[in-house]
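This report refers to the structure that appears directly beneath it.
The values are calculated or read from the model by the stated rules, or taken from the named source; none is laboratory data. In this text, all values refer to a predicted model and were calculated from it rather than measured experimentally. Please note: Cβ atoms are built from the backbone with ideal geometry, for glycine as well, and neighbour counts cover all protein chains shown. In case anyone asks, the SASA skips ligands and DNA or RNA and just uses the protein heavy atoms, side chains included. Shrake-Rupley method; radii C 1.70, N 1.55, O 1.52, S 1.80 Å.
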Amino acid sequence: MNGWSFCIKTATFGGELNLADDGCARSFYVSKSPLLNLIKSAIAMVDDYILKLLVIGILLLTVTLGSGWISRLPVSYALIYLIVGIGLGPYGIKLIDLRPEAEFLERLTEFVVIVSLFSCGLKMNRPLQFWAWNSTVRLIGFLMPISIFAVAAIAHWFVKLDWGPAILLGAILAPTDPVLASEVQLAHLDDRDELRFGLTSEGGLNDALAFPFVYFGIYSLKDNNWSKWFSQWVAVDLIWAIGAGIVMGILVAKAVTWIDRQLQHYRPADQLMEDFIALSTILLTYSLTEVVNGYGFLAVFVAGIVVQGSYRNPEKPLSQLHFTERIEKLMEVATILLLGSLLRLEPMLAYGGYSLLVAGLLIFLIRPVGAWISTIGSPLHPANRWLYGWFGIRGVGSIYYLTYALGKGLKGETAEKIAWITFTTIVLSVVLHGITSTPLMNWYERRIKPEVPDLI
């Protein structure tokens, strides 16, 4: 598991043909249908890179022009991308044959997540006081640990994983996805809805705060004697890394916004280039935080909050939000297409029992019951509490944590088991939440929201 490789297949016609490219071989059978042979021969004459550009162009055009209809349907964009990705993989037209061992997937998902977390931070429109973030504190302080340790317990007792890898699996599946959950997040900067705020802020924070438990699982893979490294884990990976992430997020964002405001007095930035301040803030914050061994994910979320409150002109953070959301949407297409193309039926069936057990209990029992327990005593409407329990969407964050763990020593049968449980859980989440998010949110907006005044 030293690297991720993938083979792109372009077929030529003329009967049955064994193709080999970089050690990859596949049989390609051509039908006797003249029309089908003509299409395949035409495809064979086109470079596979051009074919991929063609497919992506058609997909983007379709979802863009059809967005008015898609938004009314019980289907999410992520579900569409996933289906198309499967169609491009070995069970479809075989344009992409991606083996589930690629470092580039870790870097891709890392970039998608930090952009999305900064976007979540920009949407935070409340004062930094406990009462204003009550739902977030409950979802992060109670629900996330409940989810991690409940999944770990199931993985240990039923999936037969040691406690370290079991906790690692719980941490990998802990983040609710800020990338795929746009349908249930805050719609704009003036949106004061409590349900949407809680889901948005939870997605922004638990992608970062699950990291200590990922490290816990990784350390246990290398040394099962927890007493040798537990105190270091608490001091460095829990206390220092979280504190450094918060401080660096504040400092870097403050520095960038201050420099921006000062320079605007002398010579304003080019209007076409101005939005790149958001991207530079993300990259500077993330990289500088990682240099001091802090959590970059947490830092970019905090930086988004700081930027949102640092400009007197509200159009500035709004423009940055729109810019980062466009990047986020584009990267979502690439990530979910790749996820669809790397799915393999044989290992998914081999680990299907374990996968369905973990995913089913997480989606239908652990998350809903955990959310209900976490919100006991809160002023939330009962419908809000149940919707918090349902909208625990898993996606890009879990892929990142999985690929990160694979690069840090997760290997062998344990790696296969954790990987395919994770992939299956993400697929089920994309399908179930993709189908239900639009109808449930429409019902909420129509029936529940008018009865419940905004808390802020």
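Any idea which of (1) part of a loop (DSSP other than H, G, I, E, B); (2) closer than 25 Å to Leu321 by Cβ is the one Leu263 doesn't satisfy?
(1)
Identify, please: which residue in the range 64-88 is among the hydrophobic types (A, V, I, L, M, F, W, C), assigned to a helix (DSSP H, G or I) and farther than 21 Å from Ile399 by Cβ and is, among those, most open to solvent (accessible area, probe 1.4 Å)?
Step one: filter the range 64-88 for residues among the hydrophobic types (A, V, I, L, M, F, W, C), giving 65, 69-70, 73, 75, 78-80, 82-84, 86, 88.
Applying the additional criterion that residues be assigned to a helix (DSSP H, G or I) yields 65, 69-70, 78-80, 82-84, 86, 88.
From the residues that got through so far, the ones that are farther than 21 Å from Ile399 by Cβ too are 65, 69-70.
Working: Leu65: 118, Trp69: 181, Ile70: 21 Å².
Of everything passing the filter in the range 64-88, Trp69 is most open to solvent (accessible area, probe 1.4 Å).
Restricting attention to the range 342-365, and to residues there that are part of a helix (DSSP H, G or I) and of a type outside the set (A, V, I, L, M), which single residue is surrounded by the fewest Cβ atoms within 10 Å (Cβ to Cβ)? Lay out the reasoning, then the answer.
Start the filter on the range 342-365 by keeping residues that are part of a helix (DSSP H, G or I), which leaves 342, 345-350, 352-365.
The next check asks that each one be of a type outside the set (A, V, I, L, M); those that pass are 346-347, 352-355, 360, 364.
Working: Glu346: 8, Pro347: 17, Gly352: 14, Gly353: 11, Tyr354: 20, Ser355: 23, Gly360: 13, Phe364: 13.
Only one residue tops the list, namely Glu346.
Out of the residues in the range 366-399 meeting the condition of being surrounded by fewer than 23 Cβ atoms within 10 Å (Cβ to Cβ) and among the β-branched types (Val, Ile, Thr), tell me which one is farthest from the chain's Cα centre (by Cα).
Here the residue is Ile376.
What are the residue pairs meeting all of these: first residue in the range 208-228, first residue under 13 Å from Leu169 (Cα atoms), second residue of a type in the set (Gly, Ala, Ser) and not in a helix (DSSP H, G or I), Cβ atoms under 6 Å, and 6 or more apart or on different chains?
Matching pairs, first to second residue: Ala210/Ala174; Leu221/Gly409.
Taking only the range 96-107 into account, find how many residues are in contact with a Gly (Cβ under 8 Å, 6 or more places away or on another chain), at pLDDT below 80 and open to solvent by less than 60 Å² (accessible area, probe 1.4 Å). Spell out the reasoning first.
Of all residues in the range 96-107, those in contact with a Gly (Cβ under 8 Å, 6 or more places away or on another chain) come to 96-98, 101-103, 106.
When the remaining residues are screened for being at pLDDT below 80, the result is 96-98, 101-103.
This time we only want the ones that are open to solvent by less than 60 Å² (accessible area, probe 1.4 Å), so: 96-98, 102.
Matching residues across the range 96-107 total 4.
Does Gly392 fit the bill of being among the small types (Gly, Ala, Ser) and under 12 Å from Leu143 (Cα atoms)?
Numbers: among the small types (Gly, Ala, Ser): yes; under 12 Å from Leu143 (Cα atoms): yes.
Yes.
Does Ala187 satisfy being in contact with a His (Cβ under 6 Å, 6 or more places away or on another chain) and either open to solvent by 10 Å² or more (accessible area, probe 1.4 Å) or under 23 Å from Leu357 (Cα atoms) (or both)?
Values: in contact with a His (Cβ under 6 Å, 6 or more places away or on another chain): no; either open to solvent by 10 Å² or more (accessible area, probe 1.4 Å) or under 23 Å from Leu357 (Cα atoms) (or both): yes.
No: the conditions fail for Ala187.
When both residues are 6+ apart or on different chains and their Cβ atoms are under 9 Å apart, which pairs have a first residue that lies in the range 301-315 and is under 18 Å from Tyr286 (Cβ atoms) and aliphatic (A, V, I, L, M), and a second that is surrounded by fewer than 17 Cβ atoms within 10 Å (Cβ to Cβ) and modelled with pLDDT under 90?
Every condition considered, the pairs that remain are Ile305/Leu128.
In the range 292-311, what count of residues is obtained for those that are open to solvent by less than 30 Å² (accessible area, probe 1.4 Å), at pLDDT 95 or above and outside any helix (DSSP H, G or I)?
Qualifying residue count, the range 292-311: 2.
Results for (1) modelled with pLDDT under 95; (2) over 26 Å from Gly353 (Cβ atoms); (3) in a helix (DSSP H, G or I), shown as yes or no for each residue.
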residue	(1), (2), (3)
Arg394	yes, no, no
Gly397	yes, no, yes
Ala405	yes, no, yes
Thr414	yes, no, yes
Ala419	yes, no, yes
Ser437	yes, yes, yes
Asn442	yes, yes, yes
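So if I check each of Gly434, Gly392, Gly409, which one is touching a residue at least 12 places away in the same chain (Cβ under 8 Å) and on the phi > 0 side of the Ramachandran plot? Steps first, please.
On the way: Gly434 fails: on the phi > 0 side of the Ramachandran plot; Gly392 fails: on the phi > 0 side of the Ramachandran plot.
One residue alone meets the criteria, Gly409.
Within the bounds of the range 335-358, is there any residue that is modelled with pLDDT under 90 and touching a Ser or Thr at 6+ places or on another chain (Cβ under 8 Å)?
Checking the range 335-358: at least one residue is modelled with pLDDT under 90 and touching a Ser or Thr at 6+ places or on another chain (Cβ under 8 Å).
Of the residues Lys316, Lys329, Lys254, only one is open to solvent by 50 Å² or more (accessible area, probe 1.4 Å), outside any loop (DSSP other than H, G, I, E, B), among the charged types (D, E, K, R) and within 18 Å of Cys120 (Cβ to Cβ); which?
On the way: Lys316 fails: open to solvent by 50 Å² or more (accessible area, probe 1.4 Å); Lys254 fails: within 18 Å of Cys120 (Cβ to Cβ).
Just a single option satisfies the conditions, and that option is Lys329.
Would you confirm whether or not the range 369-388 contains a residue that is hydroxyl-bearing (Ser, Thr, Tyr) and within 20 Å of Ile218 (Cβ to Cβ)?
First pass over the range 369-388, keeping only residues hydroxyl-bearing (Ser, Thr, Tyr): 374-375, 378, 388.
Then drop every residue that is not within 20 Å of Ile218 (Cβ to Cβ), which leaves none.
For the range 369-388, residues hydroxyl-bearing (Ser, Thr, Tyr) and within 20 Å of Ile218 (Cβ to Cβ): absent.
Quick one: count up the residues across the range 66-95 that are at pLDDT 85 or above and out of contact with any Gly (no Cβ under 8 Å at 6 or more places or on another chain).
Total meeting the criteria: 1.
Which of the residues belonging to the range 400-456 are open to solvent by less than 20 Å² (accessible area, probe 1.4 Å) and over 28 Å from Val333 (Cβ atoms)?
Ile448
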